[in-house]
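The values are calculated or read from the model by the stated rules, or taken from the named source; none is laboratory data. On a predicted model such as this, the values are computed, not experimentally measured, just so you know. Backbone-built Cβ (ideal geometry, glycine too); neighbour counts: all protein chains shown.
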Amino acid sequence: MNPPEDYEAPFQAAALQVLDELGLKESDTGRLRPTSGHRSSILVPVDGVDGRPFLLKYFIPPREGQYYPSGVILADYARRECAFYRYLDTVDAHRRSLPVPKTILLDNADPPRWILLERIAGAIGPAEEVLGIDHVFELLQMLRKIPVDSLLGRRNFPLNRWETVSYLDRVRMMFDPVIQVIGQDRWQYVQAFYSEALRWTETRPPVLVHGDFTASNILIDEEGGSNLLDFERVGTGNEDHDFAWFWIHSDRSQTWKQGLLERYLENRVGSERVRAMWGMRATIVYLALRRLRFSHLILGEDDVNRPQNLGLLDAALIGNTELFPA
């Protein structure tokens, strides 16, 4: 398999060709983040003819032998992101309801090859000084306020589904590699867990879900405002998905993460609190199994992260203080 830089080279050239066709040039500021977090696109900073800063996002196909979650249609990543920007251009062109880069141009091909966006200058400083808990909750609240019904039925918008039933469907598609890692007993436990999780979560209305809500997809601008990036996995479903995804992926201190969790749960009491914890656990079980599947397919028995991810899986299956410290 070729190194990533060798594989991406022709797509880098294709992205520059798009700029040439648009009469634009790559900025000399340098590519601080040359590819998206999942290496599914190339990010090229651009200077407009009037000096305005843009960003070209050029979608790239997967490398041969690269593993994606079961059931994924790769072309849908680009379709989802471009469709979401089209939706925002229709209902929130000035980005007042959700701070997202403004759309400059969209490729009309299907699937889209690229999207040209406003380039937002980020605040300078380490993440622990720039990204705060308030930013996280501000974005989560804005996402929840977007009416799900307004997203449905739109052309070329293959929304992801992020609810308990969909987690279970995805997990079942992982059976062959996962059963070799977790064993039959854990597998039966996972099935029973999701049956119980469904009982607690199925009556809640779906919300807009970013799908990859992590610190790397939150940009704090020079004025201290929060901006949300990358909508390749956007969808609808579990209201706790984005928070749980952020919480588990965060590399901040345990003290900071504990404060984040306490704030998320502080106004949830009684059955509402129990439902939120089941919603988080359902997300984390899926995430842990996805990690175990991917690492097994890539590394086999040499996966050094297997004990950690098995521990995360067991903690989410058990719940209580195993996952949520008192």
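Right, residue 193: surrounded by 13 or more Cβ atoms within 10 Å (Cβ to Cβ), modelled with pLDDT of 95 or more, part of a loop (DSSP other than H, G, I, E, B) and of a type in the set (A, V, I, L, M, F, W, C) or not?
no
Of the residues in the stretch 197-242, how many are within 17 Å of residue 127 (Cβ to Cβ), surrounded by fewer than 21 Cβ atoms within 10 Å (Cβ to Cβ) and of a type in the set (Phe, Trp, Tyr)?
0
For the stretch 74-180, give me every one of the strands (runs of 3 or more DSSP E) that falls completely inside it and has 2 or more residues that are modelled with pLDDT under 95, farther than 28 Å from residue 23 by Cα and outside the structural domain of residue 12 (by TED's automatic domain parsing).
Details: elements: 103-106, 114-118, 160-162.
Counting at least 2 such residues, we get no strands (runs of 3 or more DSSP E) at all.
For the stretch 34-66, what are the residues that are at pLDDT below 85 and surrounded by 12 or more Cβ atoms within 10 Å (Cβ to Cβ)?
34, 35, 36, 37, 38, 39, 40, 61, 62, 63, 66
Every residue, every condition in (1) at pLDDT 95 or above; (2) closer than 28 Å to residue 87 by Cβ; (3) among the charged types (D, E, K, R), yes or no:
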position: 199; (1), (2), (3): yes, no, yes
position: 202; (1), (2), (3): no, yes, yes
position: 207; (1), (2), (3): yes, yes, no
position: 212; (1), (2), (3): yes, yes, yes
position: 218; (1), (2), (3): yes, yes, no
position: 225; (1), (2), (3): yes, yes, no
position: 235; (1), (2), (3): yes, yes, no
position: 265; (1), (2), (3): yes, no, no
position: 272; (1), (2), (3): yes, no, yes
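In a helix (DSSP H, G or I), of a type outside the set (Lys, Arg) and touching a strand residue (DSSP E or B) at 6+ places or on another chain (Cβ under 6 Å), is that true of residue 198?
no
Identify all residues within the stretch 39-80 that are under 25 Å from residue 102 (Cα atoms), among the charged types (D, E, K, R) and out of contact with any Pro (no Cβ under 8 Å at 6 or more places or on another chain); write none if there are none.
50, 52, 57
What are the residues in the stretch 83-96 that are under 18 Å from residue 235 (Cβ atoms) and either among the basic types (Lys, Arg) or out of contact with any Phe, Trp or Tyr (no Cβ under 8 Å at 6 or more places or on another chain) (or both), if any?
86, 88, 91
Suppose the filter is closer than 20 Å to residue 76 by Cβ and either not assigned by TED's automatic domain parsing to the domain that holds residue 318 or not in a helix (DSSP H, G or I) (or both); does residue 236 pass it?
Working: closer than 20 Å to residue 76 by Cβ: yes; either not assigned by TED's automatic domain parsing to the domain that holds residue 318 or not in a helix (DSSP H, G or I) (or both): yes.
Yes.
Name the residue, out of 281, 273, 293, that is assigned to a helix (DSSP H, G or I) and surrounded by fewer than 21 Cβ atoms within 10 Å (Cβ to Cβ).
273
Of these, 172, 144, 95, 113, which one is free of Cβ contacts under 8 Å to residues at least 60 places away in the same chain and in contact with a strand residue (DSSP E or B) (Cβ under 9 Å, 6 or more places away or on another chain)?
Sole residue among the options that is free of Cβ contacts under 8 Å to residues at least 60 places away in the same chain and in contact with a strand residue (DSSP E or B) (Cβ under 9 Å, 6 or more places away or on another chain): 95.
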